[in-house]
Every structure is written in C-alpha cells, then in structure tokens.
Amino acid sequence: MKDDTTHPFRHSHEDAAAADRIPDTPQTRAPAYRLAFTDVDFMMREELRPVRLQLELLKPQMIMDERGIESTVVMFGGARIPAPERRESARTPFLAELSRYYEQARLFATAMTRRSMESYGREFVICTGGGPGVMEAGNRGAHEAGGQSIGLNIVLPHEQAPNEFVTPDLSFNFHYFAIRKMHFLMRAKAVCVFPGGFGTLDEMFEALTLIQTHRMARIPFILFGREFWNEIINWERLKEAGTISPEDVELVSFVETAEEAEAVIDGWDYTGCG
C-alpha cells in the first residue's frame, strides 16, 4: 500500500522498530507499555470491535482505490460446484450436472475481463468470494483473459485458502461478514448469481433487498439457471401471498449462458446509477 511520508513528523514505523530495541526491564515487559497500534492483545479487546470494523472497511477500500478500480462485476455461486473436468468428484449427480455453470461462469468472467482491460482494469473488474467452485471459475476466467480479479475471502472454522487464480494484490481476508458484504456491493456494476447454497442465497437476498428498498441503485441482477432458481424459490407464490410486490420479480434477469448475461449488461442504462 502507498504510504504518505511527506509529513514532518516521526513515522509510526520508526517508533515501532525503536520499541523493539528498548532495554528489557519489568516496565518495558508490561503490556501497558506496548504501543497501542502494535499491541495485538489490545486490538483484540471487545471494546475495540468498532475499530476493527473500521479497519476491515478501510484496508480493501484503500488498496482498491490505489489500484484505480472504479467498478466491479460481482459473481456469487456455490463453492461445491466442480469444474467440468472434475465433475466426477461431485457429491451428488445433480451437483455434477451443475458443473455446466462453472464453465459459463468462467466464460462470462473472461468476457467481462476483456471489457475491463479496455479501461486499463478500472471498470468491470471481476469480484468473487475468492474460494472454490463458481468463485474459482470467475477468477480463473479473469486470469485466462490476462486481467486482474478480486477475491474477498473470509476466515471460516474449517481450513480454507484463496483459489490460485485471484490476483495476489487483490486477495483480501475478512473477519466480519457484514464488512465483506459491503465490499461486494460498494463498486458493483452488475451482480451475477449462479446456483449455490446457504451462502449464495444469503448474498443474493441481501443484495436484492437493498435494491428493492432503494438503499442501493438498481443494477443488472442476473441469475444463471432459471430452472434451478424456479425450483428452489416460488417467486409466483411470493407475489400471490403479497409478501413481495409483483414488480419485485422484475428486478431479476434469468439467463443460461455467458452471452445472454453480457447482453443484459450491454442493454442496461447506467445513467441513473451511482
């Protein structure tokens, strides 16, 4: 990250280094003597949660600003969906069939990244959760196109790591789900949702709610796989029950292929966004 060293004050890096070279005494060994910003125990205190939330918001924001990233294309989807060449590893036959959406995600990310490179990587940058499955397909497509892509990972109880295709300088890690979700949508110029599980549904409905309630500008909201989504969500029943308005369903576009998703974005009027 870029650092401002033009001010006349002694830099925090200098004092942090100097603090490591002080004499070893009972006073200097005491936790109270540690510099607050280098004291991990202090930073992990319950009372410091607001500061940690702020730091998780600021760090990716500053890095993406410094990289000149102005807009993203967000890709949500199942971590368990295998690549077509690995479909035999799927847990169920249905999951193996869904591998076709891995391929569509890869092709879509490739196309969007080529478009992004026309703006020197500032616009339409692919952004995923940084994990396996559909997320890997998105980052892989961007990598194969020769462009950059973002991965917003989160620490989970089971061991996990970013997929190998995320641009290293744009591979982030989060503790707070809420801040991660903010970063998914802060620069979003389109949201594409592929078949998935609880995490995908959570991300999809939170973003849809923000658009429905006008807390976020309306942007292309593209669902890959009409049959899948119509089987797991009874949109018509929601309308009949009156729990959503009839026009709320129109917030979503259904597609089957990368080309169809591109057409939705190409036909979108972005003048009212932002």
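Where a number appears in this text, it was derived from the coordinates with a stated rule and is not lab data. Treat the numbers as computed from the prediction; the structure is a model and nothing was measured. All Cβ positions, glycine included, derive from the backbone under ideal geometry; neighbour counts span all protein chains shown.
Determine, for the chain, the count of lysine pairs separated by eight or more sequence positions (or lying on different chains) whose alpha-carbon distance falls under 23 Å.
Final tally of qualifying lysine pairs is 4.
Identify the trypsin sites (Lys or Arg not before Pro) of region 84-168 meeting these criteria: DSSP loop state and at most 16 other C-beta atoms within 10 Å of the C-beta.
ARG91, ARG122
Fewest to most neighbouring Cβ within 10 Å: what's the order for ASP248, ASP41?
Least crowded to most crowded, the residues run ASP41, ASP248.
Output wanted: per-residue J couplings in Hz (rounded whole) for region 168-178, from phi through Karplus 6.51 cos²θ - 1.76 cosθ + 1.60, θ = phi - 60°, x for Gly and Pro.
x, 6, 10, 9, 10, 10, 10, 9, 9, 4, 4
From the square roots a ≥ b ≥ c of the eigenvalues of the alpha-carbon gyration tensor of region 49-272, which class results: rounded (a/c under 1.5), prolate (a/b over b/c), or oblate?
Rounded, because the longest to shortest axis ratio a/c is under 1.5.
Between region 57-75 and region 133-161, how many Å separate their Cα centres?
First find each Cα centre; the distance between them is then 15 Å.
Using only Cα atoms, locate the centre of region 89-131 and the centre of region 184-238, then give the distance between them in Å, rounded to an integer.
16 Å
Using the Cβ atoms and a cut-off under 14 Å, what net charge is assigned to the surroundings of ILE244, where Lys and Arg are +1 and Asp and Glu are -1?
Its environment carries a net charge of -3.
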